[in-house]
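Each reported figure results from applying straightforward, stated rules to the coordinates on display, with no laboratory input. Remember, it's a predicted structure, so these values are computed and weren't measured experimentally. Positions of Cβ are generated from backbone atoms using ideal geometry, with glycine treated the same way; all protein chains shown enter the neighbour counts.
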Amino acid sequence: MNHLKDLPPGTIWPHLLEAIERDVIAEIQSYADSRKNNVKRGAETSELAAVLIDKYAAGLSKALHIAGIDSRVRAVADKLVCELDPKFNEHQQARWAGRPVALVSNFPHEVKNT
């Protein structure tokens, strides 16, 4: 038995699993709102915010999968990612095509350690 859903019927109430998914979706939406605010105030690019949301959602989705909860988290996150970066798939392919993979090709200013 590798997943919660593999437990005998009635062991875990279906509404509990649904509540977990609902809370995780609310969390990813809250995280996306935070990233959007950072984009609006100029702290992040929309491309970076989209990558962060995508990676966060991947982790949450994997955790739900391990727990045996079928979830819409990826679909919700994909929509949020595309709202921030409509060319997300194109940008993702470009990042992986470059070596080494990076979020930006040229850092606009030098960081000095003091």
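With a simple spin-label model that places each label point 7 Å from the Cα along the Cα-to-Cβ direction, the separation between Arg72 and Asp33 comes to 1.8 nm. Could you tell me which of Gly98, Pro86, Ser46 has its Cα farthest along the dipole of region 1-105 towards the positive end, charges placed at Cβ (Lys, Arg +1; Asp, Glu -1), taken about the Cα centre? Of Gly98, Pro86, Ser46, it is Gly98. Think of each Lys and Arg Cβ as +1 and each Asp and Glu Cβ as -1; about the Cα centre, that makes the dipole of region 1-74 roughly 220 debye. Taking 0.36 nm per residue of separation and subtracting the Cα-Cα distance, full extension of the segment from Asp23 to Glu90 would add 21.1 nm. When its C-alpha radius of gyration is set against 2.2 N^0.38 Å (N residues), region 1-88 gives a value of 1.26.
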